[in-house]
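The values are calculated or read from the model by the stated rules, or taken from the named source; none is laboratory data. Not measured: the values here are computed from a predicted model. Reconstructed Cβ throughout: ideal geometry from the backbone, glycine too, with neighbour counts over all protein chains shown.
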Amino acid sequence: MSTPESLADLSIEEFLAYMPQGMGRLNEKMGIELVEISAERLVATMPVEGNTQPFGLLHGGASVVLAETLGSVGSAIHAHPDKIAVGVDINATHHRSATSGTVTATATAVHLGRSSTSYEIVITDERGKRVCTSRITCALVPMPQ
C-alpha cells in the first residue's frame, strides 16, 4: 500500500494493512479489536477472559495496554505523515473489577498539538459501568530516516 495522505481517511482494515505489524502481537494475543478510529475519538473492545490476574479479575495491566493502544493509534493518526507518536506518560485509575465478558474502551482526545497529544480513555464493562480511567500523553517526533 502506498503512503496515504491522511490515516484518518482509511478504514480500520486499511489502517491495519498500512501498519507494518498490523495491531502488533501483544494486541492480537489480548484480543483487542478496533471498532472506531480517528484522531479525535477511538473505540476498541477486549475480552476479559485470557486477560485476568490470578484472582480471576481483569488485570490492571491489560487495561493499561488497551488504553495505550488507543492513545497511540489516535496519536499516530494525528501525527501522520511527517511525525510518529511515542508514549511518554500513562496512568490509570482502576474503579471496579471485571470478571467476564468484554470491556469497551473509548478514547477522547484532550489535546492534539504539534509536538504532543493527550487522550482520556474510559474503559467500561458490558453493563456500561466504568472499570478504569486512563490518560496517555504521546510526543510527536520526526519520522526516522
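A quick yes/no check of all residues on (1) touching a residue at least 60 places away in the same chain (Cβ under 8 Å); (2) closer than 20 Å to C132 by Cβ:
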site: R25; (1), (2): no, no
site: S38; (1), (2): no, no
site: P54; (1), (2): no, yes
site: V64; (1), (2): yes, yes
site: E68; (1), (2): yes, yes
site: S72; (1), (2): yes, yes
site: I90; (1), (2): no, yes
site: H94; (1), (2): no, yes
site: T99; (1), (2): no, yes
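Would you please list the contacts, defined by Cβ atoms under 9 Å and residues six or more apart or on different chains, that run from a residue in segment 1-22 that is in contact (Cβ under 8 Å) with a residue 12 or more places away in the chain and more than 15 Å from L34 (Cα to Cα) to a residue that is surrounded by fewer than 15 Cβ atoms within 10 Å (Cβ to Cβ) and not aliphatic (A, V, I, L, M)? Qualifying pairs under 9 Å: M1/E14; T3/P81; P4/E14; P4/P81; E5/P81; S6/P81.
Would you pick out the residues in segment 80-107 that are among the aliphatic types (A, V, I, L, M) and either on the phi > 0 side of the Ramachandran plot or within 14 Å of the chain's Cα centre (by Cα) (or both)? Across segment 80-107, the qualifying residues are A85, V86, I90, A92, V103, A105, A107. Within segment 1-31, the only residue that satisfies the criterion of being closer than 16 Å to A105 by Cβ, part of a loop (DSSP other than H, G, I, E, B) and among the hydrophobic types (A, V, I, L, M, F, W, C) is M23. Of everything in segment 16-41 that is surrounded by 12 or more Cβ atoms within 10 Å (Cβ to Cβ) and basic (K, R), the residue that is farthest from I84 (Cα to Cα) is K29. So which residues in segment 56-101 are under 26 Å from A8 (Cβ atoms) and assigned to a strand (DSSP E or B)? Across segment 56-101, the qualifying residues are K83, I84, A85, V86, G87, V88, D89, I90.
Does segment 32-39 contain any residue that is under 23 Å from F15 (Cα atoms), part of a strand (DSSP E or B) and of a type in the set (A, V, I, L, M)? Looking through segment 32-39, at least one residue is under 23 Å from F15 (Cα atoms), part of a strand (DSSP E or B) and of a type in the set (A, V, I, L, M). Between S75, S63, S6, the distinction of being modelled with pLDDT of 95 or more and either surrounded by fewer than 21 Cβ atoms within 10 Å (Cβ to Cβ) or within 28 Å of Q145 (Cα to Cα) (or both) belongs to S75 only.
Scanning segment 102-124 for residues that are farther than 20 Å from A62 by Cβ and either touching a helix residue (DSSP H, G or I) at 6+ places or on another chain (Cβ under 6 Å) or part of a strand (DSSP E or B) (or both) returns T108, A109, V110, H111, L112, S116, T117, S118.
On inspection, E49 qualifies as in a loop (DSSP other than H, G, I, E, B) and either surrounded by 18 or more Cβ atoms within 10 Å (Cβ to Cβ) or among the acidic types (D, E) (or both). Within segment 125-136, the set of residues being surrounded by 18 or more Cβ atoms within 10 Å (Cβ to Cβ) and in a strand (DSSP E or B) comprises V131, C132, S134, I136.
Listed by first and then second residue, the pairs linking a residue in segment 105-123 that is within 26 Å of M143 (Cα to Cα) and in contact (Cβ under 8 Å) with a residue 24 or more places away in the chain to a residue that is hydroxyl-bearing (S, T, Y) and surrounded by fewer than 16 Cβ atoms within 10 Å (Cβ to Cβ), with Cβ atoms under 7 Å apart and 6 or more places separating them unless they lie on different chains, are Y119/T108.
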